[in-house]
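Q: There's a structure below that I have some questions on.
A short reminder: the numbers here are calculations on the coordinates, not readings from a lab. In this text the structure is predicted, and so the values were computed from the model without any measurement. Methodologically, a virtual Cβ is constructed for each residue, glycine included, from the backbone with ideal geometry; neighbour enumeration extends over all protein chains shown.
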Amino acid sequence: MVGLIALAAALMSFPSVRQLGVSLFASAGVAGIVLGIAARPTLGNMIAGMQIAMSQPIRIDDVVVVENEFGRVEEITMTHVTLKLWDERRMIVPLTWFIENPFTNWTRTGASILATVYLYADYRVDVDAVRAELSRIVAATDLWDRRVAALQVTDATERSVQLRALVSASNSGIAWDLRCLVREQLIGFLRRHAETLPRIRAELEDGAADRSARSL
């Protein structure tokens with residue numbers, strides 16, 4: 001392109017071949033447009049790479065969620081990002097995707113994270129006893145980072161109450177294991193206290209009960 005433009009400029013300095021120089025300039029312009037359209041994805045990724053390098057929305061080893069896929073940033077090049085997914089697959093994502101689309105970065109400011117566990121119990125549940133059991137569970141495991149361990153009643157319906165256990169871990173992988181551990185052991189605790197399990201209640205009036213007995 002540089003050589004073509006230089007040749008066209010040289011030819012335009014001679015009146016006898018000026019028209020040829022103008023034609024070469026026009027050809028160079030058309031060629032430049034064609035090359036620009038063809039190179040648009042590459043140029044877009046390069047510009048996106050510079051934006052990511054300056055703003056750093058993602059970094060190596062960050063844990064991100066892209067298109068509902070959970071993975072860790074394994075490699076960042078000038079054109080794409082390689083994500084190592086939880087099942088050992090590799091997901092290749094163009095750099096422009098991270099500039100043009102929203103995504104979740106679990107480790108943007110730090111790896112520590114909060115994990116939640118939801119359970120449903122009967123209205124007769126002893127919330128303080130479940131809270132004490134949660135404290136015992138997290139105190140007995142190295143998965144907990146000793147920051148947060150709380151249990152609250154977050155909802156109530158006509159049949160049950162919703163309990164939310166909130167625990168903290170040093171990173172997302174450990175948080176997953178801690179969440180599973182807390183869920184399993186709290187379910188076991190509720191099973192040992194059967195009266196706390198959700199149930200459906202029905203009440204029959206005396207007359208309805210007598211009619212039901214006669215029909216049998």
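Q: Based only on Cα atoms, what Rg/Rh ratio does the range 113-196 have, Rh being taken as Kirkwood's radius?
A: Radius of gyration relative to Kirkwood radius: 0.97.
Q: For the range 57-105, go through all pairs of different Cα atoms, get the mean of 1/r, take its inverse, and jot down that Kirkwood value in Å.
A: 10.5
Q: Can I ask one more? Peptides 65-73, 84-92: what's the order by average Cβ count within 10 Å, highest mean first?
A: 65-73, 84-92
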